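Single-structure report; data block below.
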Amino acid sequence: MSKLKPQLRPGLFLPGIILSFLAGSALSEEALRVASYDIEVQLRPAEKSLSAREHIRYTNHSDYLIDTLYFSLYPNAFRDENTAFLKEDERLRKKCQRENNWASLDIKRIVLGSDQLDLSSQLIPLSEHDMTVVRLPLAQSLRPRESLDIHIEFEVKLPEVIDRLGYKGDNFIIAQWFPKLGVFEGGRWKCYPYQQNTEPFADFGDYRVEVTLPENFVVAACGYLQSERDNGDGTKTLSYHAPGVHDFAWAADPSYEIFTDTVDRIEIKLYLKPDHTNKAGRILSAAKEALSYCSSRLGRYPYSKLTIVDTEIAGNGMELPTMITIGVRYFPFCFNRFEEAVTVHEVVHQWFYGMLASNQAEEAWLDEGLTTYVTAKIVEQIFGEGSLIDFCGLQFGAYQMDRLTYLWESSTDPICQPGWEFDSELSYFASTYSKASLALKTLEGYLGSEAMDSILAIYSREFSFRHPTTFDFISIAEEVSDEDLSWFFAPVLFGTEVCDYAVSDIRSEKSEEEEEIVYDHRIKLRRLGEMILPVEVKIVFADGQELFKQWDGSAGHHEIKLQSSSPIEVVIVDPDRKNHLDVNFNNNSKTSLPQADAVFRLQTRIFFCIESLLQWVTAF
Amino acid sequence: MRTIDHFLKGLKNSLASWRLGIILFVFKFACALFLVIPLNALLSESFEHNLYASSFLTRLDLTLIIDFVQSNIQGLKVYLVFFLLALVAVVLLNIFLSGAIFRLLCDGFRRGYYSFTIGHFFHLSGRYLFRLSRLFLYSLLFYIVVIAFHLVFAELSKAIFGGFSASFRFVWIFVRLAITGFLAMLVVMTFDYARIHVVSVRHIKVKMTIKEAIVFVGRNFGGAVLLYLLLILGLAATVTIFWGLDRGLGLLGTSTIVLILTFLLQQTLSVVRSFYRLLIFSSQISFFDRNREVLPRFQREEEEESTEPI
């Protein structure tokens with residue numbers, strides 16, 4: 001923790017806006033080029049395959065000797081039914097078996113430096129059945145600051161889209177497709193088998209990629225298009241350059257229609273299938289809003305281009321450096337804003353993933369949690385509260401969506417733990433996305449919006465183009481708030497305790513003292529969950545007076561005794577709703593008088609619904 | 001014009017049979033009350049002294065609902081089982097009552113009067129229970145066929161129109177749903193005529209009744225469909241009017257009196273819908289009597305039928 005603790009500048013405690021201006025200094029040139037890739041790839045649409053040559057220039061920026069190289073070969077996650085990925089997903093495994101739909105990445109030749117000796121036979125898979133990680137022992141250790149050139153020839157068999165790779169008809173999405181080095185950090189390689197809940201983790205570098213494919217294809221890719229040449233044989237070659245990034249992906253489809261827009265001198269290119277062009281305006285608008293918001297709060301977007309691609313991948317969207325993919329649907333009515341929300345989410349990932357390349361396999365909450373938190377803020381700012389679904393008076397907001405998922409799996413797993421240790425995919429999602437987002441909103445409640453904006457701005461500025469950890473984030477939060485926040489982060493990030501505070505009872509006794517009416521009140525509060533967080537209590541009296549009390553929340557129950565000249569109207573714990581981790585808001589308040597009208601309204605609504613249901617059922 | 005004539009005759013008969021309408025309403029009101037009481041106990045516990053519950057006066061606060069569901073998940077699971085079982089019981093009770101209701105509606109329409117005593121009502125209910133229950137099971141079979149048809153049709157559409165534009169496929173989904181809806185309507189309509197047949201002819205097998213009803217609808221397809229569409233249109237108009245009134249009341253605020261008025265409006269709609277069910281039956285009886293060709297072997301049995309109290 002102390003090793004990576006940033007040296008904060010005097011501007012630290014200035015308002016968030018000024019800090020975000022300072023944060024704007026991050027540029028892609030700042031990225032430490034550890035692993036740079038030159039790749040020539042040819043797409044063979046008929047065979048659904050790729051053949052490629054790759055040159056990696058790897059520099060040992062650590063203080064250790066490196067005697068082995070670790071490569072990720074993600075397409076091998078779908079090589080056969082015995083891989084770690086497919087063993088975790090019974091349904092997908094059966095689907096692949098039924099449809100005989102498999103993928104693979106085969107290294108045909110690998111040579112180091114100027115040597116011509118093919119070392120492909122010396123590649124050792126990490127496990128017998130899983131070829132998603134292979135290691136190559138080096139004959140001669142790589143010394144600190146020394147560089148090594150690696151030449152690889154490989155072939156990829158593409159599946160009909162599984163997870164994030166493959167084709168559907170003429171639509172190709174080529175992500176996680178090339179042999180990629182892991183991250184050497186703290187004297188060991190961080191290179192993980194591809195599993196349901198582990199996402200790629202890689203070093204920054206420059207990517208130069210030449211894509212050759214039939215000339216009728218339209219290509220969307222990370223980085224900048226440098227040149228395009230006609231090969232005269234019905235194919236064309238496009239050259240891309242993506243500086244200071246940690247991944248490269250591309251998509252191709254003959255029918256893509258391109259829409260462009262600009263915000264803050266950033267060109268947004270949207271590639272849509274013809275069926276989905278009705279959504280162009282909505283998606284571009286959401287992307288622009290998200291870019292503007294993040295640029296002003298988290299630091300300037302360091303690239304001059306953002307590519308958005310409509311693909312058929314599993315899940316709704318995928319983040320890649322300078323490129324995002326979203327699954328667009330034709331549905332023409334505007335009952336929900338899921339596509340906008342996904343667009344915003346993936347754009348925010350350009351910061352919390354693209355620039356702040358934390359270890360997604362071991363600390364996924366750092367990019368997914370922070371992204372979900374900022375996404376909800378942006379969605380509510382653009383469209384208003386309860387705007388994710390807005391249909392016939394029924395409103396559902398981004399935070400409510402997070403809450404719904406969080407409550408489903410509130411105590412199964414902690415937020416911060418390696419991806420493979422989560423109980424299920426749902427628990428992974430609930431913890432790293434939803435619970436983390438609500439935890440950050442809770443932190444915002446305790447520290448204030450301004451402090452939270454400062455934390456995010458400084459965190460972005462200090463750790464851009466690096467691999468920040470949970471402790472880096474905690475140290476920034478503690479520096480900004482100027483307090484030890486272990487009371488918050490320890491249970492919230494690393495525990496599975498549930499938070500639930502309640503007003504359990506209000507008792508008042510009326511007495512007369514010297515011709516004055518005096519009420520003796522006894523208010524009982526209870527902690528129903530194991531998580532301990534400080535609680536604010538608001539007491540409202542019938543004459544309009546308000547009284548605030550603090551409770552450290554540590555005891556199982558707490559009693560407040562007080563006297564007043566007026567009866568109590570209502571007692572509320574957490575009146576400003578700072579604590580979004582509380583699993584039951586319904587017991588957070590107690591009124592002296594029953595909420596008869598509201599309950600009557602709710603009950604009669606339900607009664608009428610049941611009556612209507614009976615009317616319908618008995619009609620047949 | 002004839003369609004409107006049947007509609008008006010049905011309206012007259014349903015108003016004249018007001019007791020039956022009240023029975024239908026009270027039956028559904030009582031059943032709904034029975035179903036809602038356990039849920040109301042849970043709701044009261046969560047919201048009676050909950051400050052945030054006041055938001056229910058203006059909107060449905062989903063945060064509170066989500067928390068309510070999560071904190072009462074076990075109780076709600078038990079309630080759901082109770083609800084489903086109770087729903088089956090309500091359907092069976094409805095079949096029991098509908099024999100008498102159909103028969104008395106027929107009598108009212110054909111003879112201009114019907115004899116109503118509690119004993120006679122339950123006698124008729126019991127008399128047709130077995131055949132109407134079997135008819136209900138057959139109707140379920142028909143609905144399953146309609147659903148299966150919809151699924152097969154959806155798969156076929158996917159295979160045939162999969163390559164077409166998204167806008168075409170989107171419109172086609174509505175066309176497909178309309179076709180399924182129309183088929184479901186035909187099933188409802190056919191089984192309504194089958195029920196009329198059951199209460200009109202005493203000794204007839206259920207399968208024969210269904211066959212008769214299918215033949216009847218087939219021979220009078222245009223008129224039967226037109227009448228049913230008119231009835232559906234009338235129902236849609238009625239519901240729309242009440243929806244408008246409900247919205248109008250919502251503009252008056254959330255005072256106790258407005259809430260009570262809203263509840264009364266809802267119950268008025270419930271009463272109207274009960275009468276509308278009678279209107280649908282009565283109009284169909286009118287259409288049935290005008291267009292049917294009675295098989296000679298059933299002629300005598302019908303004439304022997306008595307509706308007088310035993």
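Quick notes
- Test: residue in region B:282-302 that is modelled with pLDDT of 90 or more, surrounded by 11 or more Cβ atoms within 10 Å (Cβ to Cβ), of a type in the set (Lys, Arg) and assigned to a helix (DSSP H, G or I): no
- Those residues of region A:456-511 which are within 23 Å of A:Thr432 (Cα to Cα) and hydroxyl-bearing (Ser, Thr, Tyr), in sequence order: A:Tyr459, A:Ser460, A:Ser464, A:Thr469, A:Thr470, A:Ser475, A:Ser486, A:Thr496
- Flag if A:Ser437 is more than 14 Å from every other protein chain (Cβ to nearest Cβ) and either touching a residue at least 40 places away in the same chain (Cβ under 8 Å) or under 30 Å from A:Lys561 (Cα atoms) (or both): yes
- Test: residue in region B:265-272 that is in contact (Cβ under 8 Å) with a residue 40 or more places away in the chain, among the hydroxyl-bearing types (Ser, Thr, Tyr) and part of a helix (DSSP H, G or I): yes
- Cβ pairs under 9 Å, 6+ apart, first in region B:83-96 and within 12 Å of B:Ser133 (Cα to Cα), second part of a helix (DSSP H, G or I) and basic (Lys, Arg): B:Asn94/B:Lys28
- Just one of (1) more than 10 Å from chain A (Cβ to nearest Cβ); (2) in a helix (DSSP H, G or I); (3) of a type outside the set (Phe, Trp, Tyr) fails for B:Thr262. It is (1).
- A:Gly369 being touching a Phe, Trp or Tyr at 6+ places or on another chain (Cβ under 7 Å), small (Gly, Ala, Ser), at positive phi and crowded, with 19+ Cβ neighbours inside 10 Å: no
- Taken over region B:80-129, the residue count meeting the criterion of being outside any helix (DSSP H, G or I) and of a type in the set (S, T, N, Q) is 2.
- Residue within region B:179-191 that is among the small types (Gly, Ala, Ser), surrounded by fewer than 16 Cβ atoms within 10 Å (Cβ to Cβ) and in a helix (DSSP H, G or I) present: yes
- A:Glu319 being under 30 Å from A:Pro75 (Cβ atoms), of a type in the set (D, E, K, R), surrounded by 21 or more Cβ atoms within 10 Å (Cβ to Cβ) and in contact with a Phe, Trp or Tyr (Cβ under 6 Å, 6 or more places away or on another chain): yes
- Number of the condition not met by B:Asn94 [criteria: (1) at pLDDT 90 or above; (2) surrounded by fewer than 18 Cβ atoms within 10 Å (Cβ to Cβ)]: (2)
- Summed over region A:331-354, residues that are at pLDDT below 95 and touching a Phe, Trp or Tyr at 6+ places or on another chain (Cβ under 8 Å) total 6.
- Of the strands (runs of 3 or more DSSP E) lying entirely inside region A:517-597, those containing at least 2 residues that are outside the structural domain of A:Tyr373 (by TED's automatic domain parsing) and either within 34 Å of the chain's Cα centre (by Cα) or under 15 Å from A:Tyr446 (Cβ atoms) (or both) are A:535-541, A:546-551, A:568-573.
- Residues that are under 14 Å from the mean Cα position of the chain (by Cα) and either part of a loop (DSSP other than H, G, I, E, B) or without any contact (Cβ under 8 Å) to a residue 60 or more places away in the chain (or both) were ranked within region A:327-351; the one that is surrounded by the fewest Cβ atoms within 10 Å (Cβ to Cβ) is A:Val342.
Conditions (1) in a loop (DSSP other than H, G, I, E, B); (2) free of Cβ contacts under 8 Å to residues at least 24 places away in the same chain; (3) crowded, with 18+ Cβ neighbours inside 10 Å, marked per residue:
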{"site": "A:Gln97", "(1), (2), (3)": "no, yes, no"}
{"site": "A:Leu105", "(1), (2), (3)": "no, no, yes"}
{"site": "A:Pro137", "(1), (2), (3)": "no, no, no"}
{"site": "A:Gln140", "(1), (2), (3)": "no, yes, no"}
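- In region B:70-108, the residues that are over 30 Å from the mean Cα position of the chain (by Cα) and more than 24 Å from B:Cys31 (Cβ to Cβ): B:Gln70, B:Ser71, B:Ile73, B:Gln74
Here is a yes/no grid of residues against (1) farther than 15 Å from A:Glu289 by Cβ; (2) in the same structural domain as A:Cys416 (by TED's automatic domain parsing):
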position	(1), (2)
A:Glu339	no, no
A:His345	no, no
A:Trp351	no, no
A:Trp365	yes, yes
A:Val374	no, yes
A:Lys377	no, yes
A:Ile382	no, yes
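- Criterion: under 29 Å from A:Gly495 (Cα atoms), part of a helix (DSSP H, G or I) and β-branched (Val, Ile, Thr) - qualifying residue of A:Thr372, A:Thr412: A:Thr372
- Within region B:140-153, residues that are away from every other protein chain (no Cβ under 14 Å) sit with their Cβ atoms under 7 Å from residues that are among the polar types (S, T, N, Q) and surrounded by 12 or more Cβ atoms within 10 Å (Cβ to Cβ), at 6+ positions apart or across chains, in these pairs: B:His150/B:Thr180.
- Verdict on B:Leu235 being within 13 Å of another protein chain (Cβ to nearest Cβ), within 30 Å of B:His197 (Cβ to Cβ) and among the aliphatic types (A, V, I, L, M): yes
- B:Ser165 surrounded by fewer than 19 Cβ atoms within 10 Å (Cβ to Cβ) and of a type in the set (Ser, Thr, Tyr): yes
- Residue match in region B:232-244 (condition: among the aliphatic types (A, V, I, L, M), crowded, with 16+ Cβ neighbours inside 10 Å and free of Cβ contacts under 8 Å to residues at least 24 places away in the same chain): no
- Residue check, B:Leu132 in contact with a helix residue (DSSP H, G or I) (Cβ under 7 Å, 6 or more places away or on another chain), surrounded by 15 or more Cβ atoms within 10 Å (Cβ to Cβ) and within 14 Å of another protein chain (Cβ to nearest Cβ): yes
- Lone qualifier among A:Thr68, A:Thr83 - being crowded, with 18+ Cβ neighbours inside 10 Å and out of contact with any Cys (no Cβ under 7 Å at 6 or more places or on another chain): A:Thr83
- Of the residues making up region B:49-61, one or more are facing chain A (nearest Cβ under 7 Å), surrounded by fewer than 16 Cβ atoms within 10 Å (Cβ to Cβ) and without any contact (Cβ under 8 Å) to a residue 24 or more places away in the chain.
- The single residue among A:Val498, A:Val571 that is closer than 27 Å to B:Ser55 by Cα, surrounded by 21 or more Cβ atoms within 10 Å (Cβ to Cβ) and within 14 Å of chain B (Cβ to nearest Cβ) turns out to be A:Val571.
The values are calculated or read from the model by the stated rules, or taken from the named source; none is laboratory data. None of these values were measured; they are calculated from a predicted model. A quick note on method: Cβ atoms are made from the backbone with ideal geometry, for glycine too, and the neighbour counts reach across all protein chains shown.
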